[in-house]
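Here's the structure we're looking at; comments come further down.
Each value in this text was obtained by applying a stated rule to the coordinates, not by laboratory testing. All values derive from a computational prediction rather than experimental measurement. Don't worry about glycine lacking a Cβ; one is built from the backbone with ideal geometry, like all the others, and counts go over all protein chains shown.
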Amino acid sequence: MNAKKMILAAPIQGWTDHVWRTAHAQIFGGVDAYHAPFMRVEHGNIRARDLRDIQPVNNPGIRVVPQVLACRPADMELMLAAVTTAGYSEVDINLGCPHPPVARKGFGAGMLARPEALRQLARVMAHYPTLRFSLKLRLGWDAADQWRNVLPILSEVPVAQVNIHYRLGTQQYKGEAMLQYVDETLQTIPVPVVLNGDIDSPECITQLLDRYPQVAGVMVGRALVADPALLNPERANADNYRAFHDQLYEQYCHELTGGDHQILAKMQSLWERMLPGADHRARKAIRKATTLPRYLDAVGQIF
Ligand SMILES: Cc1cc2nc3c(=O)[nH]c(=O)nc-3n(C[C@H](O)[C@H](O)[C@H](O)COP(=O)(O)O)c2cc1C
C-alpha cells in the first residue's frame, strides 16, 4: 500500500463514536485520521453527546476530524465555534447525508442541489480562517453533476480536501459507488480528493491507488466497522477481536447511564455490522440475548 496516501476512517453515525475510535486506534490502528460522525444543532443547541464525543479527552492520542451537519448559517456558526473551542484546527462539512427527511430540508446531500445554501455556507466558513476545512460529499443529491456546485466554495474559502462518496444521495446505499466519475472529479476539483465508497479490502485500496495515483487517499467506512482489523490484517486474531469487544463493552458500561437494557441494545447494534462472518448461531444468540449475562455467554461462543 502506498504509504504517502491518507487512510481515513469514515464517520458512521451510531458506530464510530469516541469509544469505538479509541479502542480501534489502540488495538488495530492503520488509520491516519478518524472522521467523527456529524454534530448537529437541535432546538438551538449542539447535542450534548455530540460535543462529548469530540472532546480531545475522550479521544486520547488519536487524530480526530469533527464533522458538522447544518443548513442554517447560525447553526454552522455555532458548531464551528464549538469545535474551535474544543481545540480543533480541522473540521469536515457534511454534504453527503442522504437521509430523506434531512436532505429534503437542505441538510447534507440535499445542500448539493442548492447553490444559494452553499454560498451561505462559504460565507460562514470564511469567518474561521484558521480552520482546515474538508468537505464530505456525495456526487450529488439527485444528479451526478451537482458536486460541481461546491466549486465556488473552493475558490472563495481555502478547503484543504474533498472527500467524495461516489453515490447520489437519492441512491442511499444502493447500487455500487460510481467510480466512472472519479477521473472527472480529479480533473476538475482543484484541491486534494479522497475516494470513498465500497472500499472493503487492502487489495481494493492498492488497486484504487494504482489506478488513481493523483488521489490524496481513501476513506473506509462500513468495511472497517465490519472488520476492525481490515487495515492491519496482521492484527486479525481472536485475542485482538476479544480485546476490542471487551474495551467497547466496558467503556459503554461505564458511559451509558440508561442501565443494562441500553448497554445491551448498544452492543447488539454493533454486532449488526461487526464480524458478519462469525459463527452464525453465536451471532443469533447475541441478537436474541435479553440480559447482559446471556449476551456475554453468546459472545464467549465467538471468541
Ligand atoms: C449507518 C451509517 C452512518 C453514517 N454516518 C455518517 C456521518 O455521520 N457522516 C458522514 O459524512 N457520513 C456518514 N455515513 C457515510 C459513510 O461515512 C461513508 O461515506 C459511506 O458509508 C460509504 O463508504 P463505505 O462504503 O466505506 O461505508 C454513514 C454511513 C452509514 C452506513
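Tell me whether the chain comes out rounded, prolate or oblate; compute the Cα gyration tensor, take square roots of the eigenvalues as a ≥ b ≥ c, and use a/c under 1.5 as the rounded threshold. Taking the square roots of the gyration eigenvalues as a ≥ b ≥ c, the chain is prolate. The HN-Hα couplings worked out from phi for segment 129-145 by the Karplus form 6.51 cos²θ - 1.76 cosθ + 1.60 (θ = phi - 60°) are x, 8, 7, 8, 8, 10, 10, 10, 10, 8, 5, x, 7, 10, 8, 7, 10 Hz, whole numbers, x standing for Gly and Pro.
Below 13 angstrom from the Cβ of Ala126, what's the summed charge of the other residues (Lys, Arg +1; Asp, Glu -1)? Computed value for this residue: 0.
Estimated from helical segments only, the mean residue ellipticity of the chain at 222 nm is -12000 deg cm²/dmol, where each DSSP H run of four or more residues counts as -39500 (n - 2.57). So what's the net charge close to Gly277: Lys and Arg +1, Asp and Glu -1, counting the other residues with Cβ under 11 Å from its Cβ? Once positives and negatives cancel, what remains is -1.
For Lys4, the aspartates and glutamates whose Cα falls under 19 Å of its own Cα, not counting residues fewer than eight places away in the same chain, are Asp32, Glu203, Asp210. Using Cα positions and a limit of under 19 Å, work out the aspartates and glutamates in reach of Lys266, with same-chain residues fewer than 8 apart set aside. Once the sequence-local aspartates and glutamates are set aside, what remains near Lys266 is Asp17, Asp50, Asp53, Asp227, Asp246, Glu250, Glu255, Asp297. When the chain is treated as a GNM with alpha-carbon contacts under 10 Å, the residue of Pro228, Pro101, Pro202 showing the greatest mean-square fluctuation is Pro101.
Net length available on complete extension from Arg72 to Leu292 is 75.0 nm, with 0.36 nm assigned per residue and the Cα-Cα distance removed. Remark: the Ala160-Thr206 segment gains 14.2 nm on full extension, using 0.36 nm per residue and subtracting the alpha carbon distance.
With R₀ set to 51 Å, the beta-carbon distance separating Thr188 from Asp279 gives a calculated FRET efficiency near 0.60. Put simply, segment 29-165 fits an ellipsoid with semi-axes of 23, 16, 15 Å; these come from the alpha carbon gyration tensor as the roots of five times its eigenvalues, largest first. Mind checking which aspartates and glutamates have their C-alpha under 16 Å from Lys174, skipping anything on the same chain fewer than 8 residues away? Answer for Lys174, where 16 Å is the Cα cut-off: Asp142, Asp198, Asp200, listed by chain and number. Take 139-145, 33-39, 277-283 and order them by the average number of nearby Cβ atoms within 10 Å per residue, most first; the result is 33-39, 139-145, 277-283.
Viscosity 0.692 mPa s, temperature 37 °C: give me the Stokes-Einstein translational D for segment 237-302 in µm²/s, with Rh taken as the Kirkwood radius over C-alpha pairs. In µm²/s, the coefficient rounds to 275.
Suppose R0 equals 41 Å; then what is the FRET efficiency for Glu234 and Thr84 from their Cβ-Cβ distance, rounded to the nearest 0.05? After rounding, the FRET efficiency stands at 0.60. Spatially, segment 59-101 and segment 230-303 are offset by 29 Å when compared through their Cα centroids. Rounded to the nearest whole Hz, the Karplus-based 3J(HN,Hα) values (6.51 cos²θ - 1.76 cosθ + 1.60, θ = phi - 60°) of segment 163-169 follow the sequence 9, 10, 8, 7, 10, 8, x, with x at glycine and proline. This ranking places Glu203, Glu156 by how few other beta-carbon atoms lie within 10 Å of each, fewest first, which gives Glu203, Glu156.
Put in order of Cβ neighbour count within 10 Å, fewest first, the listed residues Ile286, Ile12 become Ile12, Ile286. Taking label positions 7 Å along the Cα-Cβ direction at both Lys174 and Ala48, the computed distance is 4.0 nm, reported to one decimal.
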